[in-house]
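Report on the structure given below.
What follows is calculated from the coordinates using simple rules that are stated; it is not laboratory data. On a predicted model such as this, the values are computed, not experimentally measured, just so you know. Counting neighbours? That spans all protein chains shown, and the Cβs are built from the backbone with ideal geometry, glycine included.
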Amino acid sequence: MKVWIGLAGLLLLSLVVAACAGHAWASPVDLWRAIAGDEALRSRLLFEWRLPRVIAAAFVGALLGLGGTIYQGVFRNPLAEPYLLGSAGGAALGATVALLVPLALPQSWLLPLLAFAGAWGATLLVIGISRVAGAVDAAGLLLAGVAVAAILGALRSFMMLALSDETVSLQVVLSWVLGGVQTPTWSGIGWLVLIVAACVGLAQTLARRLDLLGLGEAMAHAFGLEVRRFVMLAVLAGSVIVAAAVAYGGLVAFVGLASPHVARWLVGPLHRPLLPASALVGAIVVVLADAIARSALPPAEIPLGLVTAVAGGPFFILLLARRLRS
């Protein structure tokens, strides 16, 4: 219970700090006035722009934490991360289409929609290729994911070269690929709440079977688990969760890798408590990283993915060294 209270308190504190951080720093009193409905311009900017972004950052981090935990459980590899199966390349391709191709829908809807479709479509493509090749185990999925990611990356680069001109800046595409939380409206926040709640529920339905899979394929099969079928199901569920995170936050590195490790240190390896703990840790990490991205070099904004990469790179090296020693 102390762990959960501590995580909830740390998340609340990080939300307050992040809401105060920015090009022009606000005080907690300013924040309270904005929430209370003050009509001053400063309060309206805080309420309509900064607070929705901070909350969206928390939800993006929670989704990445969930996705990372599912992928590490499915592949039984603590170094697995949510972008393994080409979802990053698919999302980047979808976002490139949304940003460079003039379409009828407004870009605020088109960007998350095409990013989500690209991320999930890439995962479906990986699963289809692995089935056609007859390699439907974890290793076959990983190899197919590497190949699909390379192809999608090449397609995105070709589109950036072919479709950009003096009216379209490639910096917009690059800034999205490097990660950055979209600022939704409050109605958009409502949709995000529903999406995250559905993803948490979906992840919890996999918890017991992920624990069985962690015992090894032979033991899991002895307990009645259809391993290959479940691997496909869990990969599809994880890809939906990761696609939702990518649609609202771009490609944010290392959060899905690091959050499950921190959560395991706090609550242990069983997935029923591990999944929500990873979501809370991911939310805290992304909220604080987004605050740094917005306030470190005013008035410019650092891409969120660069901030998490700078912090997550050393963490990954430590994990790798520890794994090699063991």
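Data for the structure
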{"quantity": "Descending principal axes extents, the stretch 2-298, alpha-carbon based, whole Å", "calculated": "64, 55, 29"}
{"quantity": "Value at 222 nm in deg cm²/dmol, rounded to 500, when DSSP H runs of n ≥ 4 in the chain each add -39,500 (n - 2.57)", "calculated": "-25500 deg cm²/dmol"}
{"quantity": "Tilt relative to the chain, helix 255-267 - C-alpha long axis, 0 to 90 degrees, to 10", "calculated": "80"}
{"quantity": "FRET efficiency estimate (nearest 0.05) - Cβ-Cβ, L233 to A197, R0 25 angstrom", "calculated": "0.80"}
{"quantity": "Cα lying deepest toward the dipole's positive end in the chain, options L210, G153, A98, charges on Cβ", "calculated": "L210"}
{"quantity": "Lys, Arg +1 and Asp, Glu -1 on Cβ, resulting dipole of the chain about Cα centre, debye, nearest 20", "calculated": "840"}
{"quantity": "Per-residue ³J(HN,Hα) for the stretch 147-153, Karplus 6.51 cos²θ - 1.76 cosθ + 1.60, θ = phi - 60°, Hz, x for Gly and Pro", "calculated": "5, 5, 4, 5, 5, 5, x"}
{"quantity": "Computed magnitude of the charge dipole of the stretch 97-226 (debye, nearest 20; Cβ of K, R +1, Cβ of D, E -1)", "calculated": "140"}
{"quantity": "Length gained when the stretch E48-V3 is fully extended (0.36 nm per residue, less Cα-Cα span)", "calculated": "12.9 nm"}
{"quantity": "Spacing of the two label points (7 Å from each Cα toward its C-beta) at V29 and R325, in nm", "calculated": "5.0"}
{"quantity": "Pairwise centroid distance, computed over Cα atoms, of the stretch 55-88 with the stretch 240-309, Å", "calculated": "9"}
{"quantity": "Nitroxide proxy distance, nm - points 7 Å out along Cα→Cβ at L143 and R272", "calculated": "3.8"}
{"quantity": "Peptides 140-149, 59-68 ordered by average Cβ neighbours within 10 Å, highest first", "calculated": "59-68, 140-149"}
{"quantity": "Extended-chain gain in nm, criterion 0.36 nm per residue less alpha-carbon gap, N77 and R131", "calculated": "17.3 nm"}
{"quantity": "Protection proxy ranking of 29-36, 271-278 - average other beta-carbon atoms within 10 Å, highest first", "calculated": "271-278, 29-36"}
{"quantity": "The stretch 2-298 - percent relative contact order, Cα under 8 Å, separation 6 or more", "calculated": "37"}
{"quantity": "Mean Cα-pair separation over length for the stretch 1-106, i.e. relative contact order, pairs under 8 Å, 6 or more apart, %", "calculated": "14"}
{"quantity": "D (Stokes-Einstein, µm²/s), Kirkwood Cα radius, the stretch 176-283, 0.692 mPa s at 37 °C", "calculated": "216"}
